[in-house]
Amino acid sequence: MRVAVIGAGVIGLSTALCIHEQYHSLVPSLEMEVYADRYTPHTTSDGAAGLWQPYLSDHGNLQETLWNKETFDYLLGHLGSPAAKEMGLFLISGYNLFTQPVPDPSWKNIVLGFRNLTPKELELFPGYSYGWFNTALMLECRSYLPWLTNRLMQRGVKFFHKKVESFQEVSDNGMDVVINCTGVRAGELQPDPELQPGRGQVIKVLAPWVKHFIITHDIESGIYNSPYIIPGSEFTVLGGIYQHGNWNEENSAQDHKTIWENCCRLLPALQKAKIVQEWSGLRPARPWVRLERETVRHEHFQAEVIHNYGHGGFGITIHWGCAMAAARLFGSILQEKKLASPPQPRL
Amino acid sequence: MAAPKVAVVGAGVIGLSTALCIAETCPSCSVMVLSDQFSPNTTSDVAAGMLIPHTYPGTPIHVQKQWFKETFTYLFAISNSAEASEAGIHLVSGWQVFKNTPKEELPFWSDVVLGFRPMSEAELQKFPQHRFGQAFTTLKCDCPPYLLWLEKRLKATGVQMYTRKVADLWELHSEYNIVVNCAGIGAHQLVGDEKLFPVRGQVLKVHAPWVKNFIRDGDGLTYIYPGIHRVTLGGTREKESWSLSPDPGATKGIFDRCCSLEPSLRGAQDIKVKVGLRPSRQCVRLQREVLSQGGVKLPVVHNYGHGAGGFSVHRGTAKEAARLVGECIAALQGSSSRAKL
């Protein structure tokens, strides 16, 4: 049973690990290979600050809320383990700020200690009259992706630095199942008009005195188009750009100015922070995550594909729930191929 | 009295903040800071600088609360300004956890810090050995940055600082009109205060930049305080111990207790051990005294004995000390004008 995972961002690697962990003992013949043209630290995931936080509204998509919760609980369970530091996983508290009262988010009971901000706390943020405080998690991909890669390599999973041009190419290579975790460029393998880039730009600075995340919201501008400050284990990420439909991965001077001025207004002490790096990336935005099976047929070939892409700006937040769901789809493929039937008693 | 000459003895957080308050409230005063130690070698430099008050048994609670509130308000404004990083002042959130529910569930300072509330069940699950906890956000003064920033502010207002070991306050009587005694643990010898005693504290300052929240055991013995560059792990509270040498047994004890609260600390790097002697007393000695020898008088204002709570009340006690200096000046002017008759 040969499985190809296309894509080595947080989705590809975690899905690969989840499937391998669950099925390799049931399917001794399981051989898994990862194909990607970009590996850490050059994936979209690497540019993300790594904060676990879903969008404000789940748009009635309960499935995604459950996947978010599964991910949070899974990570929380790993916090006390020796692996946490290597994974780039740690707790962090912080603020969500609004210019007017808003309903509580779907994730208020998933995070720890969710509450509204007091008037005195709001004094810290002139211009904002309402907000939340909670404790959430950080999962830094520049540590998490190498950690996932090591776990996979230990399990004998092979990695190939290669741009896959078609499902057929992979199927011709003898792959039985293809896991499509190609993120923003999934459309190159199979057109998907629902998938659009949500361009973001961030400035990484040295500001080790900042211990809280601060995320502002401007209901008019939309998600991520309002300044945010997220302190990591080494750098603090300043952001606040979301440009739907913009494929440009080059840094924009105008966006730099927007981010810098807005974040310094939010936290005046940032003016003294040293800028270390600037980065742009494309969030794989979709109205909802595409997580489903498809039997891709073309002339003489047929491949079982599991799609797992379109996680927008919440890939890290939702990744493990999606990996588990993809693993369940994989299980159903195995059942159909009669490869993972329960052990029969010997007569 | 044209320009009263005021000597402040001591250059820890109490000495420097008191000198600054005096310079602010008495612009005509000529203020000098005299100390045998300056940052990074003061007791303050060892402390984590967390704004979580210590309760003084001998001081009325409303006074302690006033001191804390003044200090918190003052630092809150700095933390919100462009100077925050230079001054070393930053907000930090976290938890105080108790193995047994404390008698007093609401400490006197609960409405001064930000967002104080009991911990939720989910939050307590992270601390399986603890049954109760409080979550809040407070401020931290990182040293040396805060002391260096105070020194910079002092120089800007014309206050000079001199390295000098003062063996006896009286030795200053010919050069200064008023002496302010902020000698901390040094007051034990300097003024022979038997009520002042050291409470030895050993801490580890480690590199663990992923720790963003503080955790404190309500017994006050174990704590994890993330600073700008290092996390302070503590600690010990050894009454009457004068030893400034690190104790390896204590180091292991502190590290193990902190790792039990926060397992990821096992990965902490570059562990530095520091020792400080908390200048402890039933109450802070914040009062005037007049020393006199052979008809010559030297007004003294004492401001020492802050024990484990120096940072938490420093600005409040500094302001009170400055007010007492003002009283000394008024008394000197009153007696000098009487002398003219």
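The values are calculated or read from the model by the stated rules, or taken from the named source; none is laboratory data. In this text, all values refer to a predicted model and were calculated from it rather than measured experimentally. Positions of Cβ are generated from backbone atoms using ideal geometry, with glycine treated the same way; all protein chains shown enter the neighbour counts. Remember, those area values only see protein heavy atoms, side chains included, never the ligands or the DNA or RNA. Shrake-Rupley method; radii C 1.70, N 1.55, O 1.52, S 1.80 Å.
Binning at 10 angstrom from zero up to the longest distance, how are the C-alpha pair distances of chain A distributed in percent?
5, 25, 33, 22, 10, 4, 1, 0
Which entries of A:Lys211/B:Lys126; B:Lys212/B:Lys272; A:Lys211/B:Lys69; A:Lys69/B:Lys126; A:Lys272/B:Lys126; A:Lys85/B:Lys152 show an alpha-carbon separation above 29 angstrom in the structure shown?
Exceeds cut-off: A:Lys272/B:Lys126; A:Lys85/B:Lys152.
What number, rounded to the nearest 500 deg cm²/dmol, is the helix-based mean residue ellipticity at 222 nm of chain A, given -39500 (n - 2.57) per DSSP H run of at least four residues and division by all its residues?
-8500 deg cm²/dmol
Tell me, what is the percent relative contact order of chain B, built from C-alpha pairs under 8 Å that lie six or more residues apart?
25 percent
Determine how large the accessible area of A:Met138 is when every protein chain is in place; take a 1.4 Å probe and give Å² rounded to the nearest 10.
0 Å²
If each DSSP helix of 4+ residues adds -39,500 (n - 2.57) and the sum is divided by the residues in chain B, what number results at 222 nm, nearest 500 deg cm²/dmol? Please list the in-between numbers first.
On the way: 9 runs with 105 residues, N = 341.
It comes out at -9500 deg cm²/dmol, rounded to the nearest 500.
Name the most mobile residue of A:Leu122, A:Leu148, A:Leu17, meaning the one with the largest mean-square fluctuation, in a Gaussian network model of chain A with Cα contacts below 10 Å.
A:Leu122
Can you tell me, using C-alpha contacts under 8 Å and at least 6 residues apart, the relative contact order of chain A as a whole percent?
Value for chain A: 25 percent.
Under the rule of at least 5 residues apart or a separate chain, name every residue whose amide H is placed under 5 Å from the amide H of B:Arg278.
Placed amide hydrogens put B:Val199, B:Arg200, B:Gly201 under 5 Å from B:Arg278.
Measure off 7 Å from each Cα along the Cα-to-Cβ vector at B:Thr101 and A:Lys274, then give the distance between these two points in nanometres to one decimal.
Simple spin-label model gives 5.1 nm for this pair.
Just tell me which lysines come within less than 30 Å, Cα to Cα, of B:Lys297; anything on the same chain fewer than 8 places away is out.
Straight-line reach from B:Lys297, under 30 Å: B:Lys5, B:Lys155, B:Lys165, B:Lys195, B:Lys319, B:Lys340.
Of all beta bridges DSSP finds with both residues in the protein assembly as shown, what is the antiparallel percent, to the nearest 5?
Details: 91 of 133 bridges.
Of the beta bridges lying entirely in the protein assembly as shown, close to 70 percent run antiparallel.
Please list B:Asp45, A:Asp176, B:Asp111 in order of solvent-accessible area, largest first, computed with a 1.4 Å probe with all protein chains present.
Values: B:Asp45 15, A:Asp176 55, B:Asp111 100 Å².
The residues order as B:Asp111, A:Asp176, B:Asp45, largest area first.
With +1 on each Lys and Arg Cβ and -1 on each Asp and Glu Cβ, and nothing else charged, work out how big the dipole of the stretch B:141-260 is about its Cα centre, in Debye to the nearest 20.
Dipole of the stretch B:141-260, to the nearest 20 debye: 540 debye.
Please get the size of the charge dipole for the protein assembly as shown, origin at its Cα centre, with Cβ charges of +1 on Lys and Arg and -1 on Asp and Glu, quoted in debye to the nearest 20.
Values: 67 positive and 63 negative charges, 407 e Å.
For the protein assembly as shown, the charge dipole is close to 1960 debye.
Kindly express, to the nearest 10 degrees and within the range 0 to 90, the angle between helix A:315-336's C-alpha long axis and the longest C-alpha principal axis of chain A.
Its long axis makes an angle of about 10 degrees.
Please report the Cα spread of the stretch B:175-219 along all three principal axes, rounded to whole Å, starting with the longest.
Computed over the stretch B:175-219, the largest-to-smallest principal extents equal 51, 25, 17 Å.
Once the mean 1/r over all distinct Cα pairs of the stretch A:268-319 is inverted, what Kirkwood radius in angstroms do you read off?
Answer for the stretch A:268-319: a Kirkwood hydrodynamic radius of 14.7 Å.
So, how do all the Cα-to-Cα distances of the stretch A:166-211 break down into 10 Å bins, in percent, from 0 on up?
Per 10 Å bin, starting at zero, the Cα-Cα P(r) for the stretch A:166-211 comes out as 19, 32, 20, 17, 12, 2 percent.
Given bins 10 angstrom wide, list per bin the percent of all Cα-Cα distances in the stretch B:27-165, short to long.
All Cα pairs, binned at 10 Å, distribute as 10, 30, 33, 18, 7, 2 percent.
When only Cα pairs under 8 Å and 6 or more residues apart are kept, what is the percent relative contact order across the stretch A:52-142?
Numbers: 115 pairs, mean separation 34.5, N = 91.
The value is 38 percent.
Among A:Gln196, B:Cys143, B:Thr18, flag the residue with its Cα farthest along the positive direction of the charge dipole of the protein assembly as shown, charges on Cβ as +1 for Lys/Arg and -1 for Asp/Glu.
Among A:Gln196, B:Cys143, B:Thr18, the one farthest towards the positive end of the dipole of the protein assembly as shown is B:Thr18.
Comparing the chain by itself with all protein chains present, which residues of the stretch B:203-217 are at least 10 Å² less accessible (probe 1.4 Å)?
The answer is B:Pro209, B:Trp210, B:Lys212, B:Asn213 - residues whose exposure falls by at least 10 Å² when every protein chain is included.
Below 10 angstrom from the Cβ of A:Glu31, what's the summed charge of the other residues (Lys, Arg +1; Asp, Glu -1)?
0
What Kirkwood Rh does the stretch A:248-290 have if only Cα atoms enter the pairwise 1/r average? Answer in Å. Let's see the in-between values first.
Numbers: mean 1/r = 0.0795 Å⁻¹.
Result for the stretch A:248-290 stands at 12.6 Å.
Expressed in whole Å with the largest first, what are the equivalent ellipsoid semi-axes of the protein assembly as shown derived from the C-alpha gyration tensor as the square root of 5 times each eigenvalue?
Largest first, the protein assembly as shown gives 60, 26, 20 Å.
Could you state the number of Å between the C-alpha centres of the stretch A:160-194 and the stretch B:2-43?
What the calculation gives is 71 Å, centre to centre.
Using the C-alpha atoms of the stretch A:3-95, what convex hull volume per residue, in cubic angstrom, is computed?
About 145 Å³ per residue, rounded to a whole number.
Provide the per residue accessible area, probe 1.4 Å, for the protein assembly as shown, rounded to a whole number of square angstrom.
In whole numbers, the protein assembly as shown has 41 Å² accessible per residue.
Amide H neighbours of B:Val180 under 5 Å, at least 5 residues apart or on other chains, H built in the peptide plane: list them.
Under 5 Å from the amide H of B:Val180 lie the amide H atoms of B:Ala7, B:Val8, B:Val9, B:Val301, each far enough along the sequence or on another chain.
Quick check for me: using +1 on Lys/Arg Cβ and -1 on Asp/Glu Cβ, what's the dipole size of the stretch A:150-194 about its Cα centre, in debye to the nearest 20?
With Lys and Arg at +1 and Asp and Glu at -1, about 440 debye.
Counting DSSP beta bridges with both partners in chain A, what percentage is antiparallel, nearest 5?
Antiparallel bridges: around 70 percent, rounded to the nearest 5.
Viscosity 0.890 mPa s, temperature 25 °C: what is the translational diffusion coefficient of chain B from Stokes-Einstein with a Kirkwood Rh over Cα pairs, rounded to a whole number of µm²/s?
Numbers: Rh = 20.8 Å.
Estimated via Stokes-Einstein, D reaches 118 µm²/s.
Report, to the nearest 10°, how far helix A:141-154 tilts away from the longest principal axis of the Cα atoms in chain A, using its own Cα long axis and a range of 0 to 90°.
Relative to chain A, helix A:141-154 is tipped by roughly 20 degrees.
When the solvent-accessible surface of protein heavy atoms is calculated with a 1.4 angstrom probe, in what order do B:His62, B:His90, B:His54, A:His298 fall, highest first?
From most accessible down to least: B:His62, A:His298, B:His54, B:His90.
With every protein chain in place, what's the accessible area of B:Arg200 (1.4 Å probe, Å², nearest 10)?
10 Å²
If the viscosity is 1.002 mPa s and the temperature 20 °C, what translational diffusion coefficient in µm²/s does Stokes-Einstein give for the stretch A:114-205 when Rh comes from Kirkwood over Cα pairs? Walk me through the numbers before you get to the answer.
Numbers: Rh = 18.5 Å.
Calculated translational D: 116 µm²/s.
Which value, in Å to one decimal place, does the Kirkwood hydrodynamic radius take for the stretch B:212-341 when every pair of different Cα atoms is included?
Details: mean 1/r = 0.0544 Å⁻¹.
One decimal place: 18.4 Å for the Kirkwood radius.
I need the Debye-formula profile for the stretch A:248-347: one equal scatterer per C-alpha, no solvent, reported as log10 I(q)/I(0) at q = 0.10, 0.16, 0.23 1/Å, two decimals.
-0.56, -0.90, -1.19
Quick one: helix A:253-266 against the long Cα principal axis of chain A, what's the angle to the nearest 10°, folded into 0 to 90?
It works out to around 60 degrees.
Please list B:Arg281, A:Arg38 from largest to smallest accessible area, probe radius 1.4 Å, with all protein chains kept in place.
Putting B:Arg281, A:Arg38 in descending order of accessible area: A:Arg38, B:Arg281.
Students often forget the sequence filter, so: which aspartates and glutamates lie under 15 Å Cα-Cα from B:Lys99 once same-chain residues fewer than 8 apart are removed?
Correct list for B:Lys99: B:Glu121, B:Glu123, B:Asp217, B:Asp219.
Solvent-accessible area of B:Trp95, probe 1.4 Å, all protein chains present, reported in Å² to the nearest ten, please.
Approximately 10 Å² of B:Trp95 is accessible to the 1.4 Å probe.
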